[in-house]
1. Of all beta bridges DSSP finds with both residues in the chain, what is the antiparallel percent, to the nearest 5?
2. Cα axis of helix 301-312 to longest principal axis of the chain: angle in degrees, 0 to 90, nearest 10?
3. Could you give each residue of region 110-115 its phi-based ³J(HN,Hα) in whole Hz, using Karplus coefficients 6.51, -1.76, 1.60 with θ = phi - 60°, and x for Gly or Pro?
4. I'd like the carbon and sulfur percentage of the solvent accessible area for region 162-215, probe radius 1.4 Å, heavy atoms only, ligands and nucleic acids excluded.
5. Percent of alpha carbon pairs in region 230-349 separated by more than 18 Å?
6. Put MET11, MET264, MET1 in order of accessible area, largest first, 1.4 Å probe: what do you get?
7. Taking the Cα atoms of region 89-158, what is the range of coordinates along each of the three principal axes, in descending order and whole Å?
8. Taking the Cα centre of region 96-208 as the origin and placing charges on Cβ (Lys, Arg +1; Asp, Glu -1), which of ALA203, ASN143, ILE183 is farthest toward the positive end of the dipole?
Amino acid sequence: MVEIWTNSAGMPSAVARRAERAEASGYDGVTTVDSQNLSGDCYVALALAATGTGRIKLGTGVTNPFTRHPAVTACAIATVHAVSQGRAVLGIGRGDSALAHLGFSPSPVKQFEDYLWRLQGYLNGEEVPFEASGNVDALRLANQPTASRIEWLRPGRYPKIPVDVAATGPKVIAAAARHADRITFAVGADPARIAWGIETARAARVKAGLDPEIPFGAYVNVVVHDDPEVGRRLGEGGVSLFARFSAMHGSAVGPTTEEEKRVMEGIHDAYDTTRHSRAGSPQAAVITSEFASEFGIFGPPAYCLERLKGLVSLGLEKLVVVGSSAGANPDEAARAEQRFVEEVLPGLR
């Protein structure tokens, strides 16, 4: 059965309340962003959410390989895993707003892949070699660790924490295919693009001598509204955020129609990071109705359900539903989410 997740952001107490509501509504998981300049600490939020829930899975959506050492990331998510009695998921990507607000671009793919390798070592309870830049020898201690390991972690008490990589381009998809426990694509809701991502991942796993099958998921922009244009305006901030990933460096990646390519690259050129993911932003203004109907899912409940079922039929086992954007009409946004919970979510069971 497909897992249906929702997302959250904000101060930890708000994320905890969001998780409680999501669990009561029937969602399988909730993510919270890791963007230190824009939102409260994700691990504090997830730990608080764990104490107020008993079933729903709790994940970062997503962290990055720059702002924390892999041992620190592993320790933080392992703490959430222990507090939640085995419900934590580590979502990670190359980094976006968290890095931009420190003056950096997303981590290079090679650095990202090395981080994933180290992270998996820590989460498996293994000793991880010191990094080449380490200089603890300069202290000339009587004795010292010869490798790095999270000593308090007890593998086997709970299932291993899944590392779920958010991936868009072919190089990151391939790195994720070699090191992740699941790949959750951020390529939109166009079936051709999802299918491309799946085949790219499978090919990379075969080339690495691995079983081609791995769990797949997708981030999808979905707003339920009888008028698709109103739905599009409610969700345009999220669409601009995810569409930019497909043209992160100015050129669109993956299979695209001419309209998709034009809009993705236009979003890149117009992107104002100080208005990241917000409705009414310059990048949101680039989105056309045609693009929105291909990249996202906006419309009445039956239409949304049909589109989502089509994505699941491609082999997806997880959908992270990204609804109305920050800055959208709050009353309209609340009604759209309630309609998703009542009129779409049951049909995916």
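The values are calculated or read from the model by the stated rules, or taken from the named source; none is laboratory data. This is a predicted model, so every value here is computed, not measured. Counting neighbours? That spans all protein chains shown, and the Cβs are built from the backbone with ideal geometry, glycine included. What goes into the accessible areas is simple: the full protein's heavy atoms, side chains included, and nothing from ligands, DNA or RNA. Shrake-Rupley method; radii C 1.70, N 1.55, O 1.52, S 1.80 Å.
1. So the antiparallel bridges amount to about 5 percent of the total.
2. 40 degrees
3. 4, 5, 4, 5, 4, 4
4. Working: 1140 of 1910 Å².
Solvent-exposed carbon and sulfur of region 162-215 make up 59 percent of the total.
5. Numbers: 3778 of 7140 pairs.
Tail of P(r) above 18 Å: 53 percent of Cα pairs.
6. Working: MET11 125, MET264 0, MET1 170 Å².
These residues rank, largest area first, as MET1, MET11, MET264.
7. Over region 89-158, Cα extents along the principal axes are 42, 37, 20 Å.
8. It is ALA203.
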